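The values are calculated or read from the model by the stated rules, or taken from the named source; none is laboratory data. A quick note: this is a predicted structure, and the numbers were derived from the prediction, not measured. Cβ coordinates were reconstructed from backbone atoms using ideal geometry, including for glycine residues, and neighbour counts include every protein chain displayed.
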There are 2 protein chains.
Amino acid sequence: MRREESFHMTPEEFRRHGRAVIDWIADYWERVERLPVLSQVRPGEIRAALPASPPTEGEPFETLLHDVESVILPGVTHWQSPNFFAFFPANTSGPAILGELLAAGLGVQGMLWLTSPACTELETHVLDWLVEMFALPESFRSGSTGGGVIQDSASSATLCALLAARERATGFHSNESGCDGRLVAYASTQAHSSVEKAVAIAGLGRANLHLVEVDSAFAMRPEALSARVMEDRRAGLLPCFVCATVGTTSSNGLDPLRAIGTICREQGLWLHVDAAMAGTAAICPEFRHILDGLELADSYCFNPHKWMFTNFDCDCFWVADRAALVRTFSILPEYLKNRATESGAVIDYRDWQVPLGRRFRALKLWFVVRSYGVRGLQHHVRRHVELAQEFASWVEASGRFELAARPPLNLVCFRHRGGDALNRDLLDRVNNSGALFITQTMLDGRFTLRFCVGQTRTEERHVEAAWRKIQAVADELELET
Amino acid sequence: MRREESFHMTPEEFRRHGRAVIDWIADYWERVERLPVLSQVRPGEIRAALPASPPTEGEPFETLLHDVESVILPGVTHWQSPNFFAFFPANTSGPAILGELLAAGLGVQGMLWLTSPACTELETHVLDWLVEMFALPESFRSGSTGGGVIQDSASSATLCALLAARERATGFHSNESGCDGRLVAYASTQAHSSVEKAVAIAGLGRANLHLVEVDSAFAMRPEALSARVMEDRRAGLLPCFVCATVGTTSSNGLDPLRAIGTICREQGLWLHVDAAMAGTAAICPEFRHILDGLELADSYCFNPHKWMFTNFDCDCFWVADRAALVRTFSILPEYLKNRATESGAVIDYRDWQVPLGRRFRALKLWFVVRSYGVRGLQHHVRRHVELAQEFASWVEASGRFELAARPPLNLVCFRHRGGDALNRDLLDRVNNSGALFITQTMLDGRFTLRFCVGQTRTEERHVEAAWRKIQAVADELELET
């Protein structure tokens with residue numbers, strides 16, 4: 001048997017280089033808290049360090065890893081730093097990374113059950129586990145009328161939910177003959193921008209996303225929703241979809257699901273619940289009240305890739321009626337037909353999402369749940385909430401800072417009493433120091449700082465150091481003004 | 001400084017378990033060609049081996065890896081087997097897997113330039129490299145009016161292209177006020193099912209995807225496209241989008257881009273070119289004719305995750321006018337604002353795609369290009385085409401088999417002369433043997449077998465063994481009938 005010429009990495013080379021990458025990552029964890037959290041490079045600086053043209057001849061792997069260190073790392077904003085308090089977290093963990101590695105090594109594409117039964121069945125199974133772990137409604141179980149699936153992001157989950165809602169409301173007419181401009185969707189003024197994006201993508205038009213006002217805790221006012229739906233019906237429009245948020249991006253506001261769900265049932269509207277970050281909290285019984293009324297929802301999602309130690313991408317999305325979702329997406333060309341699909345005994349997840357292809361993402365989620373156990377996950381989630389509440393108490397006690405909203409979980413919205421300009425300067429100066437990274441929002445028309453505790457390795461000392469730095473910068477700014 | 005209780009994997013544990021996973025993958029490569037390619041499990045068999053409930057306490061990593069071997073592996077259809085000739089490949093390689101591992105380890109979320117400048121700039125840079133490597137139109141370069149971005153799949157790229165086309169055709173009215181039911185899209189009868197899916201998602205309605213007939217080589221007939229567009233205009237419809245395919249899924253048919261592009265320019269239609277699998281061939285100058293006329297296209301995509309040794313997901317998508325794409329997707333809520341975005345000097349890729357979040361996928365593509373070099377990639381692509389052509393010559397010489405279409409590249413469509421029923425039995429029996437995996441399509445109304453050569457480690461001996469097995473099964477079936 002003759003050996004063919006090959007440019008592939010051999011298994012032996014892979015063992016050697018693979019160990020080097022594993023060690024690089026372990027070393028990275030050990031030093032990441034000393035690196036500036038927000039990358040300090042200027043636009044174009046990374047590109048300027050890269051050759052203009054691709055190489056004709058292959059290069060040794062050692063060179064690549066060297067360039068990761070010297071060229072790439074300075075351009076990294078360290079989401080895995082324990083001093084990362086910006087946006088929402090995208091935390092990760094050893095088991096998740098190794099699950100992702102195994103998925104890449106197996107290299108299966110799980111578009112159909114047939115194309116790797118384990119890829120589909122493990123996903124279904126772990127999402128059933130999560131129904132139990134989070135006390136989600138029984139209708140979300142695969143053995144009931146619904147089921148769960150992993151999407152890349154909450155944006156995609158919201159889009160899928162909206163599309164199924166659009167089809168249910170029009171008897172699948174929109175899928176077949178197109179939208180007619182009368183469909184209306186609802187979310188609160190605090191809902192994530194992905195709802196507006198989904199409404200545009202699905203052909204409803206952004207003007208047909210009607211934003212419902214919120215109360216003083218930034219939660220949707222159910223009576224305002226109800227009034228708007230009635231008004232729209234009188235105007236000849238066709239209300240079809242409500243997105244309620246559990247833990248808004250700006251302030252972690254909690255929409256009242258039971259009241260909203262009751263309206264949706266009465267009005268025949270699809271209720272989607274987006275708990276992208278905050279949903280993880282429901283692993284602890286004491287925080288489960290945030291999902292009260294979820295049994296009235298048609299679909300639900302949260303992101304283990306935000307706060308549950310599972311590397312991006314991993315959004316878990318459940319529907320109560322899988323038939324509506326599958327019918328929305330299903331197309332079966334000849335080249336994808338197979339006896340398993342025809343038997344009706346299997347799930348083909350390609351009909352549960354926008355893309356056709358899919359990675360084996362269930363592996364990393366399975367690894368996380370099994371490595372931590374439910375108790376380990378609960379421990380770390382509780383600890384993050386405690387640390388955020390502690391930070392909030394310091395804000396309140398400080399005199400010169402104030403809370404912009406009551407922090408229900410792990411996000412603290414606060415501001416210096418010195419006004420928007422001072423807070424903007426404070427944000428820039430804190431972030432440019434590299435010591436920590438926080439971001440901002442507008443609440444009640446005022447510039448507000450967001451401090452979210454959810455990074456895997458954030459401990460009390462990091463939160464304390466962050467607070468000291470924020471105070472020190474406030475001292476400087478107060479002296480300057 | 002007190003140590004907090006932790007359930008996290010320590011860096012030292014990560015080194016140990018990481019090495020075990022790296023070795024597992026290297027071992028897997030060494031044995032994968034001896035495993036049955038198509039998983040032999042029955043529906044529900046994998047789930048039956050998994051505990052009904054998640055664990056309360058964490059489990060040792062060794063247990064997880066043991067279960068991957070004993071529970072998961074039997075449910076894997078081996079896309080990385082050199083005996084995988086089904087669908088289109090989803091091949092991978094050592095450098096790609098290690099790039100994915102590093103991306104998971106860094107755990108950055110590249111929605112904005114700011115959230116990791118290197119994630120954005122490396123992606124822009126490598127996609128510019130690919131413009132050079134594949135001799136793509138200059139307008140696709142980031143320094144011109146266009147630019148490239150990595151999507152999860154060609155399905156998503158097609159959807160993005162269609163949405164930008166929808167907005168360009170309606171002056172962004174569809175985005176704002178919704179679709180009006182008059183928009184029409186076009187593709188050939190051989191186009192991928194993702195075009196129909198995109199048309200449904202975007203609110204045009206499947207009935208408004210008009211399928212254009214093909215010639216004897218399964219390529220779109222430009223005069224038929226032209227006639228249909230005229231007819232639709234006369235009927236008061238609004239033609240907006242054409243998807244041409246370079247290398248159709250059924251037969252690798254090559255739509256004539258120059259003729260189609262000329263019509264699209266005359267008619268003001270957005271031309272998207274989908275070369276998901278075949279596009280990789282254009283790295284070799286002798287195959288570059290398949291993209292002749294691409295400079296007339298508004299957008300283009302191909303998937304390094306199919307045939308270019310880069311693990312799924314990695315679809316490269318270029319537009320000639322990035323402004324139309326960005327305007328289609330852009331929404332800037334307060335919590336994502338930052339000075340870099342406001343400066344206009346950076347790319348924020350969240351405005352180039354459906355989801356908000358994104359992984360650092362450029363790392364693996366960069367690793368592949370640098371590890372193989374252009375010459376290494378050319379070598380393996382050429383070799384796959386040679387092997388497919390060799391297989392086709394055996395089919396032609398066999399007497400009892402025939403080619404269903406001329407194979408332009410690495411996909412051979414063929415059938416036994418004994419009719420559909422015999423070919424169906426042949427497919428089942430070959431696949432159930434585990435020796436290789438092939439799939440089917442319908443061409444000219446007849447059941448046709450597809451044999452695609454593109455797996456990373458497929459060598460001549462695997463193609464020879466596959467042909468021997470197919471002949472042996474044909475012998476059996478001929479005796480039985």
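What the table shows:
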{"read-out": "Subset tally (residues that are buried (at least 23 other Cβ atoms within 10 Å of the Cβ), more than 21 Å from the chain's Cα centre (by Cα) and either part of a loop (DSSP other than H, G, I, E, B) or more than 9 Å from chain A (Cβ to nearest Cβ) (or both)) for the stretch B:120-150", "value": "1"}
{"read-out": "Segments classed as strands (runs of 3 or more DSSP E), wholly inside the stretch A:388-481, with at least 3 members that are touching a residue at least 12 places away in the same chain (Cβ under 8 Å)", "value": "A:411-416, A:439-443, A:446-452"}
{"read-out": "Candidate set from the stretch B:436-477 (those that are facing chain A (nearest Cβ under 10 Å) and touching an Asp or Glu at 6+ places or on another chain (Cβ under 8 Å)); member that is nearest to residue B:89 (Cα to Cα)", "value": "B:457"}
{"read-out": "Count of the stretch B:151-187 residues which are farther than 23 Å from residue A:151 by Cβ and part of a strand (DSSP E or B)", "value": "5"}
{"read-out": "Residue that is modelled with the lowest pLDDT [pool: residues in the stretch B:464-481 that are β-branched (Val, Ile, Thr) and more than 16 Å from residue B:397 (Cα to Cα)]", "value": "B:481"}
{"read-out": "Yes/no for residue B:330 being hydroxyl-bearing (Ser, Thr, Tyr) and over 30 Å from residue B:161 (Cα atoms)", "value": "no"}
{"read-out": "Test set (1) touching a Ser or Thr at 6+ places or on another chain (Cβ under 9 Å); (2) crowded, with 24+ Cβ neighbours inside 10 Å; (3) more than 27 Å from residue A:378 (Cα to Cα) - residue B:106 fails condition number", "value": "(3)"}
{"read-out": "Per-region count, the stretch B:333-363, residues out of contact with any Asp or Glu (no Cβ under 8 Å at 6 or more places or on another chain), modelled with pLDDT of 95 or more and not in a loop (DSSP other than H, G, I, E, B)", "value": "3"}
{"read-out": "Only listed residue being farther than 22 Å from residue B:354 by Cα and more than 10 Å from chain B (Cβ to nearest Cβ), chosen from A:401, A:309, A:367, A:317", "value": "A:401"}
{"read-out": "Residues of the stretch A:72-85 satisfying the condition of being over 24 Å from the mean Cα position of the chain (by Cα) and over 16 Å from residue A:21 (Cβ atoms)", "value": "A:74"}
{"read-out": "Search result, residues across the stretch B:160-202 that are closer than 13 Å to residue A:202 by Cβ, touching a strand residue (DSSP E or B) at 6+ places or on another chain (Cβ under 9 Å), facing chain A (nearest Cβ under 9 Å) and in contact (Cβ under 8 Å) with a residue 60 or more places away in the chain", "value": "B:166"}
{"read-out": "Inter-residue pairs, beta-carbon under 7 Å, first farther than 21 Å from residue B:18 by Cβ and without any contact (Cβ under 8 Å) to a residue 40 or more places away in the chain and in the stretch A:104-115, second assigned to a loop (DSSP other than H, G, I, E, B) and of a type in the set (A, V, I, L, M, F, W, C), 6+ apart", "value": "A:115/A:108"}
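Here's the yes/no breakdown for (1) buried (at least 21 other Cβ atoms within 10 Å of the Cβ); (2) modelled with pLDDT under 95; (3) in a strand (DSSP E or B); (4) out of contact with any strand residue (DSSP E or B) (no Cβ under 6 Å at 6 or more places or on another chain):
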site	(1), (2), (3), (4)
A:204	yes, no, no, no
A:207	no, no, no, yes
A:211	no, no, yes, yes
A:217	no, no, no, yes
A:228	no, no, no, no
A:232	no, no, no, no
A:236	no, no, no, yes
A:244	yes, no, yes, no
A:248	yes, no, no, yes
